[in-house]
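J.: Please see the structure below; I have some questions.
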Amino acid sequence: MTAQYPHPIVTAQHPHPNLKEADSMSEPDAPLLDYALISEPFPLYATTGTDDPATALHLVVSNGGGETVYCREIVFSLPEGDLAQSLVAADAGDGQAPDWTVARIQPGTQTILPPGDYAHFLAKPNQADSPVDVSGIVITLENLKISPLPGTARIEIHEVATTNPDRWPDSPAFTGLALTKFPAPKIPAMAVSDFTADEMEVTAGSAVRLTWNGPSTLDYTVSYGGSAHPVGKQHDYRTTVDRDTTFQLSYVTGGTTHYLTTTVTVTNPKLTGLEVDGEVMVTGTTAVQGLTVGGDLTAEQALTVGGGLAVTRALTVAGATSLQELTVDKDLDAKQRLTVEGFLQANRDITVSYGGTTKFTTSGLTGIRTPDISVNGKNFVYDGTSIHLENGYLTGGYLWAHNGKGDEAEVHDGGTNNGRSYWTVHIT
């Protein structure tokens, strides 16, 4: 038996003149395959403007009979225009299907398809005369521009298929699928969602990218740090953060402003100011370029200051303190012992008191005053001290003085002239 092939639906030449006449005299056969569709988004809404998202149609082609069906090609014709029965507003879009090639038929191509304004899509299996069994086919038409008026459009389907690969029909089978476009509703607030950052925890100075889902017809604004940043109809925003930051996404729908928030935390924040009313505990190393303490500062363990330390009020140190350099502009009060292992220098007068009594004080450039002073436990004689003399060698000895010129003067209370006499000076 010799195989008979029908005229193709799409041809580069004019169709056979008798084909249209034959088609007009008889009703086309019903298709061997079953067809169903769903839109994305669903339900399908009439377009509201140029910012409407592109629409996709998913057409499910399946074999519901008991015999294997061999398919050569299928053409889907979508009504084009701006009427209620039009599905698409423009001849545009793309198609795809696993193991099939789906392409839009360019305007001007000779076909035996129905006259009028249609967007035609031709689907052909990559393997010629491919069988369609229980697995079925999902053909997707995407990037479609839906027409603006609500109404029901009818998609026409022309199928070239057979159950006997040696015998093909003379003309394609035909069926149609109705698809309704509903009036576009007001965008509900919950249509915008999933406002989040790509990284929820970063280090100071890191870049952050914010994303969200929502209609492309809305205008969005991202606010943080006291500033608002309009981003238009985009669905992402990029910035950098130095400290914990809460971002706010706002948009208007139905005359009402709605908000979403998300927060990014920073592990090593940079702060322009910090005021703490309660306790602060730092368990690790802390570097402070400048520290001003208005009240008491208590260090229970070692406090190391590598640079200058300025204290405007009382500084209490309970334990040992090591200072490389200490400058005191006002009084320095040591309640207990103050030990200086190195050089102690006072650029002005210094006073030492004990029990409320001044023991030692300096005065000006050369003066020094003290009520009592001793050296190695012995009293110190100074100008104006009253003394008495006692001869510890001879009883009744005398004191004599020599002026270096042979003149001698005697001060005595007896007649001895013993040169070995010595005298002890007692402070009275």
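J.: For Asp166, what accessible surface area do you get with a 1.4 Å probe? Give it in Å², rounded to 10.
T.: Counting only protein heavy atoms, the figure is 80 Å².
J.: Please arrange Glu67, Glu279, Glu80, Glu27 by accessible surface area, largest first, computed with a 1.4 Å probe and ligands excluded.
T.: Ranked from most to least accessible, the order is Glu279, Glu27, Glu67, Glu80.
J.: Subtract the Cα-Cα distance of Asp34 and Thr203 from 0.36 nm times their separation in residues, and report this length gain in nm to one decimal.
T.: Computed gain between Asp34 and Thr203 is 55.1 nm.
J.: So what's region 163-238 giving for Cα Rg divided by 2.2 N^0.38 Å, two decimals?
T.: Relative to the 2.2 N^0.38 Å estimate, region 163-238 comes out at 2.15.
J.: Now a separate question. For Thr253, list long-range residues whose amide hydrogen, built 1.01 Å from N in the peptide plane, is under 5 Å from its own amide hydrogen.
T.: His258
J.: Under 27 Å Cα to Cα from Lys124, which lysines show up? Leave out anything in the same chain fewer than 8 places away.
T.: Partners found: Lys20, Lys145.
J.: Next question, about the same structure. Name the residue farthest towards the positive end of the dipole of region 175-293 from the options Thr180, Gly214, Val280, assuming +1 on Cβ of Lys and Arg, -1 on Cβ of Asp and Glu, about the Cα centre.
T.: Checking the options against the dipole of region 175-293, the answer is Thr180.
J.: Can you work out the accessible area per residue across region 60-104, with the rest of the protein chains kept in place, probe 1.4 Å, in square angstrom?
T.: On a per-residue basis, 43 Å².
J.: Let me ask something additional. Taking a 1.4 Å probe, which of Val375, Val264 shows the most accessible area, and what order do the others take after it?
T.: In descending accessible area the options line up as Val375, Val264.
J.: Still on this structure, please answer the following. Please work out whether region 51-183 counts as rounded, prolate or oblate from its C-alpha gyration tensor, where a ≥ b ≥ c are the square roots of the eigenvalues and a/c under 1.5 means rounded, while otherwise a/b larger than b/c means prolate and anything else oblate?
T.: The shape class here is prolate.
J.: What figure in square angstrom, to the nearest 10, would you give for the accessible area of Thr351 with a 1.4 Å probe?
T.: 80
J.: Per residue, how much accessible area does region 221-311 have with a 1.4 Å probe, in Å²?
T.: 76
J.: Just by accessible area at a 1.4 angstrom probe, what is the order of Met190, Met200 from largest to smallest? Don't jump to the answer; show the numbers that get you there.
T.: Details: Met190 145, Met200 85 Å².
Greatest to least solvent exposure: Met190, Met200.
J.: For Gly64, what is the net charge nearby, where nearby means another residue's Cβ is under 15 Å from its Cβ and Lys, Arg count +1, Asp, Glu -1? Intermediate results must be reported in sequence, preceding the final value.
T.: Working: positive: none; negative: Asp34, Glu67, Asp133, Glu159.
In short, -4.
J.: Taking the Cα atoms of region 30-82 alone, what are Rg (to one decimal) and Dmax (as a whole number) in Å?
T.: Cα radius of gyration and Dmax of region 30-82 are 15.3, 47 Å respectively.
The values are calculated or read from the model by the stated rules, or taken from the named source; none is laboratory data. Model, not experiment: these values are computed from the prediction. All Cβ positions, glycine included, derive from the backbone under ideal geometry; neighbour counts span all protein chains shown. All accessible areas refer to the heavy atoms of the entire protein, side chains included, with ligands and DNA or RNA removed. Shrake-Rupley method; radii C 1.70, N 1.55, O 1.52, S 1.80 Å.
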